[in-house]
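Shown next, in structure tokens, is the structure this report addresses.
The values are calculated or read from the model by the stated rules, or taken from the named source; none is laboratory data. None of the values given here were measured: they were computed from a predicted structure. Neighbour counts run over all protein chains shown; Cβ positions are idealised from the backbone, glycine included.
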Amino acid sequence: MPHNDWTADVRRAAGQIRRRVLEHTLQHDGGYMSQACSSAEILATLYLKSMNLAAVGSPLMPRPFPGTPKAGNNGYFTGAEFNGRAEAHHDRFILSPAHYALVVYTALIEAGRMDPCGLDLFNQDGSSVEMIGAEHSPGCEVTCGSLGQALSQAAGIALARRLRGDTGRVWVFMSDGEFQIGQTWEALQAAAHHRLNNLVVVVDVNRQQCDGTVESVMTIEPLEKRIMAFGWDAARIDGHNPQALQSVTKALGRPIDARPLVVLCDTDPCRGLELLRRNAPRLHYLRFSSGADRQAYVQALEAL
Amino acid sequence: MEILSKIHAGNLVRWARDRPEVVVLSADLTSSCEADQFRDAYPDRFFSMGVAEQNMLSFAAGLAREGKMPLIHTFAVFIYRRAYDQLAMSVAYANANVKMFGFLPGILTPGGATHQAIDDIALLRTLPNMTVLEVGDATEVESVLDVMAAVDGPVYVRMLRGQLPRLFAAEEPMRLDTPRVLSRGGDLTLVTSGVCTEEALRATTVLRSRGLGVEHLHVSTLKPCNSPIILEALAQPKYGVVSLENHLASGGLGSILAEKIADAGLGVRQIRLGLQDTFAHGASKPYLMREYGLDALALTRAVERLVGQPLHIREEELAAVRLEAVHSEHKVEAL
């Protein structure tokens, strides 16, 4: 069955994403581990299959921090160069929860877009491979460490692209906690009002946030119904099933009057790393409680 | 003095005609911000964003990233107070080419504290990449579009609407970081901005009649503010400097001048007129300018304190001053 070939590649890539993120979490004595466990298949599917991005040639090596954007900073670049040239028929990728940066960096490696050695620069002073990604970081195009601002920016990009006649889509990767933010709902209503059906939002619904489970911090459900009530189409799938994500987004190429689409990906924040489950419900940032705890993760890494 | 009405509305339509990259975003205050004629003339370039300013600011940044020049039209408070994080992170950080027209600067509205932008200069001039402009009359409302468009990056304009005087000759447009020198004199230096300049012109006419030499500068670029004209004016007065602005006395024009005086080690005495660490409330413009000490009378009282003697200036004397459009004493180029 040839269509299974790509899903096998995605699953292999997802495994590599978890492995590399755990490696760096151990190296830095902490990190955003559960986000890798929940979103590995989503980002691997997007980068390996769903998104129509321009090729980059050979894998790129991240460049040093170029300074902030400002008049006269002619050497400035954004991390969008890892997503290929922004051409009319190609898609664009916008990362919203910037603390997922390491998951994106590792997905870029799996997609052959970033040199694996680039990860050695992660969280190193003077590097663009920052812990919380900004627009100079590999794979990033906007600065969205202040959560909830990327969807609005992506909607502006989508409108400008429609006005220009571009055929490529704008993909936005979001976390479920961002649906507690007022601006997210402002952006949803604006994108629906202006019929921005070249916009696709893919959400990692891992039900985890900094203080604990999403339902304990602030209820966002029923998310699907709420999003549809705001004028969007919504699909709910198993976020660890690459085939499911691909088939729901493949149906795009949609009529001009179609609604924009949100894909809610239900995920398990401990998928592929059972050891993590004992930290529940505090999964947002993994810290090792003791030497023995750390050692258990070293063993888990060897098993991956 | 010539009084004109709804200048921006028609001017924007003319100005944008051959600039296809210009789009207008509005948050349910389209007529109130004189963007209605643009909406009707170019419906394909007008985007209603609803009462949702946080989204509007970030959305505009997205448009700017793709080569559009979004002009945001709403009341100033809803730009910098309601959506400050979006303004700072989506717009200013990215040096996005978003131009913002903030209407109702200072106490120019009976709408009260919720509608009065009294701290916008303080917040926005400290924001990296941001350019801050303020118009003071009809000529500047007309010419601010060219000044703003020539800047590579975000620009915030303290904008005026409705009936406006033409204080400055129509053939002398506003220029970036170039103050207008409205009178020359060595006794005191007076620096004003926005609608306060009209008040100051009433006061300077009377002050001159008392034998005082007044160096009067009108400032319409609050950031960047590096003109040597300002530094020279601050260095020379016999008695000192008075600033008058439609903003808190802290953080705006007065503070900019104080920083310059300190940085250059000028050691000049300064009186900063403006709202003195207070919110205001809803009332008419003349009432509020009197109440909060932003008018010609407040200015003459400050000058009395500075020179240390009574000048015996009566309110009726100030009100009787007849203003004519003035030519700047300082010609940056032959016009």
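Hey, can you tell me all the residues within segment B:198-222 that are more than 15 Å from residue B:184 (Cβ to Cβ) and part of a helix (DSSP H, G or I)?
B:198, B:199, B:202, B:203, B:206, B:209
Condition first: more than 10 Å from chain A (Cβ to nearest Cβ), under 30 Å from residue B:198 (Cβ atoms), touching a residue at least 12 places away in the same chain (Cβ under 8 Å) and in a loop (DSSP other than H, G, I, E, B). Can you find one or more residues in segment B:4-11 that meet it? Full working, then the answer.
Narrowing segment B:4-11 to residues more than 10 Å from chain A (Cβ to nearest Cβ): B:4-11.
Filter once more, so that each one left must be under 30 Å from residue B:198 (Cβ atoms): B:4-11.
So of that shortlist, the ones also touching a residue at least 12 places away in the same chain (Cβ under 8 Å) come out as B:4-11.
Right, trim to in a loop (DSSP other than H, G, I, E, B) and you get B:6.
Within segment B:4-11, one or more residues are more than 10 Å from chain A (Cβ to nearest Cβ), under 30 Å from residue B:198 (Cβ atoms), touching a residue at least 12 places away in the same chain (Cβ under 8 Å) and in a loop (DSSP other than H, G, I, E, B).
Within segment B:111-127, is there a residue that is within 14 Å of chain A (Cβ to nearest Cβ) and either within 29 Å of residue A:230 (Cα to Cα) or of a type outside the set (D, E, K, R) (or both)?
Kept after step one, since they are within 14 Å of chain A (Cβ to nearest Cβ), are these residues of segment B:111-127: B:127.
With the extra rule that they be either within 29 Å of residue A:230 (Cα to Cα) or of a type outside the set (D, E, K, R) (or both), the set shrinks to B:127.
Taking every residue of segment B:111-127 in turn, at least one turns out to be within 14 Å of chain A (Cβ to nearest Cβ) and either within 29 Å of residue A:230 (Cα to Cα) or of a type outside the set (D, E, K, R) (or both).
Mind telling me which of the residues B:100, B:174 ends up being more than 14 Å from chain A (Cβ to nearest Cβ), farther than 22 Å from residue B:254 by Cα and free of Cβ contacts under 8 Å to residues at least 60 places away in the same chain? Give the steps one after another, and end with the answer.
Values: B:174 fails: farther than 22 Å from residue B:254 by Cα.
Answer to the selection: B:100.
Give segment B:266-297 a look and list any residue that's in contact (Cβ under 8 Å) with a residue 12 or more places away in the chain, of a type in the set (Gly, Ala, Ser) and surrounded by fewer than 20 Cβ atoms within 10 Å (Cβ to Cβ), or say none.
The initial filter retains those residues of segment B:266-297 that are in contact (Cβ under 8 Å) with a residue 12 or more places away in the chain, namely B:266, B:268-285, B:288-289, B:292-297.
Adding the requirement that they be of a type in the set (Gly, Ala, Ser) leaves B:274, B:280, B:282-284, B:293, B:296.
Of everything in segment B:266-297, those that are in contact (Cβ under 8 Å) with a residue 12 or more places away in the chain, of a type in the set (Gly, Ala, Ser) and surrounded by fewer than 20 Cβ atoms within 10 Å (Cβ to Cβ) turn out to be B:280, B:282, B:283, B:284, B:293.
For segment A:64-78: of the residues being surrounded by 14 or more Cβ atoms within 10 Å (Cβ to Cβ) and within 11 Å of chain B (Cβ to nearest Cβ), which is nearest to residue A:138 (Cα to Cα)?
Restricting to residues being surrounded by 14 or more Cβ atoms within 10 Å (Cβ to Cβ) and within 11 Å of chain B (Cβ to nearest Cβ), the top hit is A:78.
Going through segment A:38-50 one residue at a time, which ones are in contact with a Ser or Thr (Cβ under 8 Å, 6 or more places away or on another chain) and more than 12 Å from residue A:265 (Cα to Cα)?
A:50 - this is the single residue of segment A:38-50 that is in contact with a Ser or Thr (Cβ under 8 Å, 6 or more places away or on another chain) and more than 12 Å from residue A:265 (Cα to Cα).
So, of the residues in segment A:156-181 that are touching a residue at least 24 places away in the same chain (Cβ under 8 Å), assigned to a helix (DSSP H, G or I) and out of contact with any strand residue (DSSP E or B) (no Cβ under 6 Å at 6 or more places or on another chain), which turns out to be nearest to residue A:97 (Cα to Cα)? Before you say what the answer is, go through the steps one by one.
Here is the first cut: in segment A:156-181, the residues touching a residue at least 24 places away in the same chain (Cβ under 8 Å) are A:157-159, A:161-162, A:164-181.
Okay, now just the ones that are also assigned to a helix (DSSP H, G or I), so A:157-159, A:161-162, A:164, A:176-180.
The next check asks that each one be out of contact with any strand residue (DSSP E or B) (no Cβ under 6 Å at 6 or more places or on another chain); those that pass are A:159, A:161-162, A:164, A:178-180.
Numbers: A:159: 22, A:161: 23, A:162: 25, A:164: 28, A:178: 8, A:179: 12, A:180: 13 Å.
Looking at residues that are touching a residue at least 24 places away in the same chain (Cβ under 8 Å), assigned to a helix (DSSP H, G or I) and out of contact with any strand residue (DSSP E or B) (no Cβ under 6 Å at 6 or more places or on another chain), I get A:178.
Kindly indicate which of A:219, A:143 is part of a loop (DSSP other than H, G, I, E, B) and under 24 Å from residue B:83 (Cα atoms). Lay out the reasoning, then the answer.
Numbers: A:219 fails: under 24 Å from residue B:83 (Cα atoms).
Going through A:219, A:143 in turn, just one is part of a loop (DSSP other than H, G, I, E, B) and under 24 Å from residue B:83 (Cα atoms): A:143.
Tell me whether segment B:28-36 contains one or more residues that are under 22 Å from residue B:253 (Cβ atoms) and assigned to a helix (DSSP H, G or I). Outline the logic, then answer.
First pass over segment B:28-36, keeping only residues under 22 Å from residue B:253 (Cβ atoms): none.
No, because not a single residue in segment B:28-36 is under 22 Å from residue B:253 (Cβ atoms) and assigned to a helix (DSSP H, G or I).
For residue B:143, are the conditions met, namely being surrounded by fewer than 21 Cβ atoms within 10 Å (Cβ to Cβ) and in the same structural domain as residue B:301 (by TED's automatic domain parsing)?
Working: surrounded by fewer than 21 Cβ atoms within 10 Å (Cβ to Cβ): yes; in the same structural domain as residue B:301 (by TED's automatic domain parsing): no.
Answer is no for this residue.
Taking the condition of being charged (D, E, K, R), part of a loop (DSSP other than H, G, I, E, B) and out of contact with any strand residue (DSSP E or B) (no Cβ under 6 Å at 6 or more places or on another chain), how many residues in segment B:12-27 meet it? Before you say what the answer is, go through the steps one by one.
Restricting attention to segment B:12-27, the residues satisfying the condition of being charged (D, E, K, R) are B:14, B:17-19, B:21.
Those still in the list that are part of a loop (DSSP other than H, G, I, E, B) too: B:17-19, B:21.
Filter once more, keeping what is out of contact with any strand residue (DSSP E or B) (no Cβ under 6 Å at 6 or more places or on another chain): B:17-19.
Selection size over segment B:12-27: 3.
Residues being under 21 Å from residue B:118 (Cα atoms) and modelled with pLDDT under 95: count how many of those fall in segment B:286-317.
Number of matching residues: 1.
Being farther than 16 Å from residue B:63 by Cα and within 11 Å of another protein chain (Cβ to nearest Cβ) is the filter here; which residues of segment A:169-187 pass it?
If the condition is that a residue be farther than 16 Å from residue B:63 by Cα and within 11 Å of another protein chain (Cβ to nearest Cβ), then A:181, A:182, A:183, A:184, A:185, A:186 are the ones that fit.
Residue A:162 is checked against (1) within 12 Å of chain B (Cβ to nearest Cβ); (2) in contact with a helix residue (DSSP H, G or I) (Cβ under 8 Å, 6 or more places away or on another chain) and fails just one. What number does that condition carry?
Answer for residue A:162: the failing condition is (2).
Name every residue in segment B:30-59 that is small (Gly, Ala, Ser) and within 14 Å of another protein chain (Cβ to nearest Cβ), in order of residue number. Don't jump to the end; show me each part of the working.
Filtering segment B:30-59 down to residues small (Gly, Ala, Ser) leaves B:31-32, B:35, B:41, B:48, B:50, B:52, B:58.
Result: B:48, B:50, B:52, B:58.
Just to be sure, is residue B:315 acidic (Asp, Glu), farther than 22 Å from residue B:186 by Cα and outside the structural domain of residue B:191 (by TED's automatic domain parsing)? Walk me through it before giving the result.
On the way: acidic (Asp, Glu): yes; farther than 22 Å from residue B:186 by Cα: yes; outside the structural domain of residue B:191 (by TED's automatic domain parsing): no.
So residue B:315 fails the test.
Counting residues that are of a type in the set (D, E, K, R), which strands (runs of 3 or more DSSP E) fully inside segment B:53-151 reach at least 1? Write out each step before concluding.
On the way: elements: B:69-75, B:99-103, B:131-134.
Where strands (runs of 3 or more DSSP E) fall fully within segment B:53-151 and carry at least 1 residues being of a type in the set (D, E, K, R), they are B:99-103, B:131-134.
Just checking, which of B:197, B:204 is among the β-branched types (Val, Ile, Thr), within 30 Å of residue B:310 (Cα to Cα) and either without any contact (Cβ under 8 Å) to a residue 24 or more places away in the chain or not assigned by TED's automatic domain parsing to the domain that holds residue B:284 (or both)?
Details: B:197 fails: either without any contact (Cβ under 8 Å) to a residue 24 or more places away in the chain or not assigned by TED's automatic domain parsing to the domain that holds residue B:284 (or both).
Being among the β-branched types (Val, Ile, Thr), within 30 Å of residue B:310 (Cα to Cα) and either without any contact (Cβ under 8 Å) to a residue 24 or more places away in the chain or not assigned by TED's automatic domain parsing to the domain that holds residue B:284 (or both) holds for just one of B:197, B:204, which is B:204.
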